[in-house]
Amino acid sequence: MATPAISHEPLIDTFGRVHDNLRISVTDRCNIRCYYCMPETGVEFMERSEILSFEEIERFVRVAASLGVTKLRVTGGEPLVRKDLPDLIARLIAIPGINDLALTTNAVLMPQLARPLYDAGLRRINVHLDTLDRERFLHITRRDDLDKVLEGIALCRELGYGPIKLNAVAVKGLTEPDVVPIARFCRENNIEPRFIEFMPLDAQQIWDRNKVLLADDIIATLSREISPLIEIPDRDPRAPATEYRYADGGGRVGFIASVSKPFCLNCNRLRLTSDGKLRYCLFAIEEADVKALLRGGAPDQDIAAVIRSNVSEKWLGHEINSAKFVPPPRPMYAIGG
Ligand code: SF4
């Protein structure tokens, strides 16, 4: 019996949300140890053989693109620790239908990789950096690499990457002193900061609602200390960040307020983990195994069918603010931002 052709209907879930954005974690490994993400020692990373090859990732993305996925974000762990990453970037950018690719990185290895990644076609990056203070960087990441990160950012600016955004995780009792310096640094360097509310995705489960530095509190601080912030009304509702601009024209600031202002109603994102699991949500409990299909000789139609059924099973959104909330069994570093 002939294998049914792939339907190219868009990926619409039962709530009417169209899914065209795929986040790809290319490794669970990282070269720093942010204490709100993973323990300092004793992290068991996946075996190399468990991780999807570039060919397998590329094939999966080709199928997803045929179902309407147009935007990709490459994440980790820390994606730059994945060997030959520029090769993967070039392959993904060349896939028909993909018209946007971004990368989230801690930039520690950007001094070495900024040029080859740029040559591979990468332009949009989000750099994860919570503080400009060396001591606090050391305290948060347990690594003394702030200089490399700043050097990496400077090189990316020099090479012409853009837009460059800076992701800062906002943790109460830790990063308040960094909010204004980070915002000033971004204004001076034409970088857009993204303040991200701390989410319950950490391996050691230290998350607590009282540790969430709320977007509204940061908006109040920046408006008082730098310039009033004005919300930008016509933003893309599917984009996770709510965007503001400084009244004095000094740039824009984004807030990813997953805890205080969930944005699940417009979610358009799917996630592929480095070991080949498809997740319809950052906080999903269930996952669909696509690695078995990719390695088992399954036709593209079967992979397409799994993507489509995963979307059809998608829930309305995370339950962080309800008593029903169950943290996902997989920590952030094995999911990717
Ligand atoms: S929590 Fe899940 S459903 Fe909500 S925006 Fe994030 S990925 Fe989408």
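The values are calculated or read from the model by the stated rules, or taken from the named source; none is laboratory data. It should be emphasised that the depicted structure is a prediction, and the values quoted were computed from it without experimental measurement. Because the Cβ atoms are built from the backbone with ideal geometry, glycine has one as well, and the counts that use them run over all protein chains shown. Ligands, DNA and RNA are excluded from the accessible area calculation, which covers all protein heavy atoms including side chains. Shrake-Rupley method; radii C 1.70, N 1.55, O 1.52, S 1.80 Å.
Along the axis of the charge dipole computed for the chain (Cβ charges of +1 for Lys and Arg, -1 for Asp and Glu, origin at the Cα centre), the listed residues Phe45, Cys30, Thr273 are led at the positive end by Thr273. Were the residues from Glu313 through Glu286 laid out at 0.36 nm apart, the gain over their Cα-Cα distance would be 8.7 nm. In the calculated pair-distance distribution of segment 30-104, the portion above 17 angstrom amounts to 51 percent of the Cα-Cα pairs. FRET efficiency for the pair Lys172 and Gln112, taken as 1/(1 + (r/R0)^6) with r the Cβ-Cβ distance and R0 = 35 Å, rounds to 0.50. Highest mobility in the GNM of the chain, judged by mean-square fluctuation with C-alpha springs under 10 Å and restricted to Glu287, Glu50, Glu192, is found for Glu50. Taking Arg115, Arg279, Arg224 as the candidate residues, the one with maximal mean-square fluctuation in a Gaussian network model of the chain, Cα springs under 10 Å, is Arg224. How much net charge surrounds Ile285 when only other residues with a Cβ under 15 Å from its Cβ are counted (Lys, Arg +1; Asp, Glu -1)? Computed value for this residue: +1.
The GNM of the chain, with springs linking C-alpha atoms under 10 angstrom apart, assigns the highest mean-square fluctuation among Ser260, Ser49, Ser223 to Ser49. Given R0 = 41 Å, the distance between the Cβ atoms of Arg136 and Gln301 translates into a calculated FRET efficiency of 0.20.
By the beta carbon rule, with partners counted only under 4.7 Å, the chain holds these lone Cys residues: Cys30, Cys156, Cys186, Cys264, Cys267, Cys281.
Spin-label model, Ser7/Asn190: points 7 Å from Cα along the beta carbon direction are separated by 4.7 nm.
Rolling a 1.4 Å probe over the protein heavy atoms of the chain, with every protein chain left in place, gives an accessible area that is 53 percent carbon and sulfur. Just to confirm the number: angle between the C-alpha axis of helix 215-225 and the first principal axis of the chain, 0 to 90 degrees, nearest 10? On a 0 to 90 degree scale, this one is about 30. Once Lys and Arg get +1 and Asp and Glu get -1 on their Cβ, which of Val259, Pro163, Leu11 lies farthest toward the positive end of the dipole of the chain? Result: Leu11, furthest along the dipole toward the positive end. For segment 11-335, the per residue solvent-accessible surface stands at 41 Å², with DNA, RNA and ligands left out and a 1.4 Å probe.
Relative to the longest principal axis of the Cα atoms of the chain, the long axis of helix 54-66 lies at roughly 80 degrees. Separation of segment 85-105 and segment 277-296, taken as the distance between their Cα centroids, equals 20 angstrom.
Label the chain by shape, choosing from rounded, prolate and oblate, from the square roots a ≥ b ≥ c of the eigenvalues of the Cα gyration tensor; if a/c is under 1.5 it is rounded, and otherwise prolate applies when a/b is larger than b/c, oblate when it is not. The shape class here is prolate. The distance between label points at Asp119 and Asp248 comes to 4.2 nm (points 7 Å beyond Cα on the Cα→Cβ vector). Once C-alpha pairs closer than 8 Å and six or more residues apart are averaged by separation and normalised to the residue number of the chain, the relative contact order reads 22 percent.
The long axis of helix 176-188 is offset from the longest Cα principal axis of the chain by roughly 80 degrees. Spacing of the modelled spin labels on Asn266 and Asp147, each 7 Å from Cα toward Cβ, amounts to 4.3 nm. The distance linking segment 124-138 with segment 15-63 is 21 Å (Cα centroid to Cα centroid, whole angstrom).
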